[in-house]
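This report refers to the structure that appears directly beneath it.
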Amino acid sequence: MELIQKIRKNAAKNPMRIVLPEGNEERMLKAAHIVLEEKIARLIMLGNPEEIKAEAQKLGVDIGNATLVDPLTDERRDLYADMMVEIRKSKGLTKDQALELLNDPLCFGPMMIKNGDADGELAGSINATGDVLRPAFQLVKTMKGCSIVSGAFLMFVDKKFGDDGVLVFADCAVMPDPNETQLAEIAVVTAKTAKAIVGLKPRVAMLSFSTKGSAKHPLVDKVTKATKLAKEMAPDILIDGELQLDAALIKEVGELKAPGSKVAGKANVLVFPGLEAGNIGYKLVQRLAGAQAIGPVLQGMAAPINDLSRGCSVEDIVNMVAVTANQAIGMI
Ligand code: ACO
């Protein structure tokens, strides 16, 4: 996989500090060994240092260059708790509650980022998406100009699709039912992810079960309105919709159903109308077509924090550390 090797090498040029809250999970430790060996990132592993070291030794992996931090005893707890009280003052968070929350590595990690002690975070090998994302949303929040966070997947498919087999899908991970403005924002931010992480010149298809008015339904209207809004938000990006999947990807179908479109038949960014379609869609392509899926790459957050699928492999973790590090480099 040439492209992912490039992403790994690029990360190694300027190693970022990536915090791994699930510090003594077996796959995390095995991945940490590879990340440190390839110098893809500087790692901060959260948990009890003695337990992490013992587990690493048992597995025969070398994590000697990682920084081990115990959220239960770290000297920055007091500082972080004060910061949390300030960040969450509209919600009435007390210092005692903040200190209690900091016992959770999924809360401690985002606070390290917030205080400039880490550049990015990767978690989710043993925690559900919501538990990884909620503290990130609440403490790190969205970046300027973005109102929501969404999740993209880098999909490596047959070379006849996308750009030499590279496609970006979104939202496949976060927003269950985006409204038209949110969908437009997802389209624009995904185009930016496609450009920043995989170097694509984005051609964004706004997917639907209808192409250019072939069906009439409020769900189709949502996509046509989102398409118009996205074009207004980013007039320089090629965006078209509403398009069915075949019209988006297959030249002959695109020419037939959406003649004159600069996107139809050659899309490399697919924006799904909702999370049901997006999440099921990427897994279908991954499982039935044997595509490699890297992600979700969370986009729209003020700092890179990414979530893994609990079924992830060691290789998936290494790749996602590299993606997170590249996002962090892009934010310097
Ligand atoms: N972007 C930015 N902030 C958000 C977003 C978002 N997309 N969604 C919620 N928030 C914020 C809210 O504003 C709120 O902030 P506040 O406490 O300061 O007011 C906080 O996060 C919690 O919001 P809730 O509405 O209570 O959201 P909840 O925690 O119930 O759900 C979540 C958020 C977990 C992300 C939800 O949208 C969800 O479950 N999405 C689906 C995730 C999922 O299961 N994906 C599929 C699996 S992933 C995979 O297969 C790879």
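Coordinate-derived values only; no laboratory data. For clarity, every value in this text was computed on a predicted model and none was experimentally measured. Quick reminder, even Gly has a Cβ in these numbers, built from the backbone with ideal geometry, and neighbours come from all protein chains shown.
Across the range 309-324, in residue order, what do the Karplus-derived ³J(HN,Hα) couplings come to in whole Hz, using 6.51 cos²θ - 1.76 cosθ + 1.60 with θ = phi - 60° and x for Gly and Pro?
7, 5, x, 5, 9, 4, 4, 4, 5, 4, 4, 6, 4, 5, 5, 4
What pairs in 212/266; 9/39; 160/251; 160/212; 141/225 have C-alpha atoms more than 18 Å from each other?
Details: 212/266 16 Å; 9/39 9 Å; 160/251 10 Å; 160/212 24 Å; 141/225 27 Å.
As for pairs spanning more than 18 Å Cα to Cα, those are 160/212; 141/225.
Spelling out what I want: for every residue of the range 235-247, take phi, set θ = phi - 60°, compute 6.51 cos²θ - 1.76 cosθ + 1.60 (Karplus), and round to whole Hz; glycine and proline get x.
Couplings: x, 7, 9, 6, 9, 9, x, 7, 10, 6, 4, 5, 5 Hz.
Could you work out the relative contact order of the chain, using alpha carbon pairs under 8 angstrom and six or more residues apart, expressed as a whole percent? The partial results should precede the final answer.
Values: 702 pairs, mean separation 75.1, N = 332.
Relative contact order, the chain: 23 percent.
Using only Cα atoms, find the angle between the long axis of helix 49-59 and the longest principal axis of the chain, and express it within 0 to 90 degrees, rounded to the nearest 10.
The answer is roughly 70 degrees.
What residue among 169, 272, 209 has the largest mean-square fluctuation in a Gaussian network model of the chain, using Cα springs under 10 Å?
Evaluated over the chain, the most mobile residue of the options is 209.
Please label the shape of the chain as rounded, prolate or oblate, based on the square roots a ≥ b ≥ c of the eigenvalues of the alpha-carbon gyration tensor (a/c under 1.5 means rounded; beyond that, a/b larger than b/c means prolate, else oblate). Please list the in-between numbers first.
Values: a/c = 2.43, a/b = 1.63, b/c = 1.49.
Note, shape of the chain comes out prolate.
Relative to the longest principal axis of the chain, what angle (0 to 90°, nearest 10) does the C-alpha long axis of helix 26-37 take?
Helix 26-37 sits at roughly 90 degrees to that axis.
Residue farthest toward the positive end of the dipole of the chain, with Cβ of Lys/Arg at +1 and Asp/Glu at -1: which of 173, 264, 330?
Sorting the options by dipole projection puts first 264.
Which of 67, 129, 211 ends up with the largest GNM mean-square fluctuation for the chain, with Cα atoms connected below 10 Å?
Result: 67 has the largest fluctuation of those listed.
Tilt of helix 77-87 relative to the longest C-alpha principal axis of the chain, in degrees (0 to 90, nearest 10)?
Compared with the principal axis, the helix lies near 40 degrees.
Compute the relative contact order of the range 150-293 as a whole-number percentage, counting only Cα pairs closer than 8 Å that sit 6 or more residues apart in sequence. Could you put the intermediate results ahead of the total?
Working: 319 pairs, mean separation 47.4, N = 144.
The normalised contact order for the range 150-293 reaches 33 percent.
What residues qualify as long-range amide H neighbours of residue 297, i.e. H under 5 Å apart, gap of 5 or more or another chain, H built at 1.01 Å from N?
Amide H neighbours of residue 297, under 5 Å, 5+ apart: 152, 153, 154.
Compute the distance in nm between two label points, each set 7 Å from the Cα along the Cα-to-Cβ direction, one at residue 209 and one at residue 9.
4.6 nm
Mind listing the phi-derived Karplus ³J(HN,Hα) values for the range 227-234, rounded to whole Hz, using 6.51, -1.76 and 1.60 with θ = phi - 60°, and x for any glycine or proline?
With coefficients 6.51, -1.76 and 1.60, one gets 4, 4, 5, 4, 5, 5, 5, 9 Hz.
Using amide H atoms built 1.01 Å from N in the peptide plane, name the residues 5+ places from residue 250, or on other chains, whose amide H lies under 5 Å from its own.
Residues meeting the criterion, in which the H sits 1.01 Å from N, are 265.
Of 238, 314, 152, which is farthest along the charge dipole of the chain in the positive direction, counting Lys and Arg as +1 and Asp and Glu as -1 at C-beta?
Most positive-ward Cα: 238.
Would you please give the residues with an amide H less than 5 Å from that of residue 68, counting only those at least 5 places away or on a separate chain, with H modeled from the backbone geometry?
Residues meeting the amide H criterion: 45.
Among the aspartates and glutamates, which fall within straight-line cross-link reach of residue 231, defined as a Cα-Cα distance under 16 Å, with same-chain neighbours fewer than 8 residues apart omitted?
Correct list for residue 231: 180, 185, 221, 240, 242.
Can you give the calculated 222 nm mean residue ellipticity of the chain, where each DSSP H run of n ≥ 4 adds -39,500 (n - 2.57) and the sum is split over every residue, rounded to the nearest 500 deg cm²/dmol?
Values: 13 runs with 148 residues, N = 332.
Computed mean residue ellipticity for the chain: -13500 deg cm²/dmol.
If you find the alpha carbon centre of the range 5-54 and of the range 284-322, how far apart are they in angstrom?
So the separation of the two Cα centres works out to 16 Å.
Using the beta-carbon distance between residue 53 and residue 158 and R0 = 35 Å, what value does 1/(1 + (r/R0)^6) give for FRET efficiency, to the nearest 0.05? Mind showing how you got there, number by number?
Numbers: r = 44 Å, r/R0 = 1.27.
Rounded to the nearest 0.05, the efficiency is 0.20.
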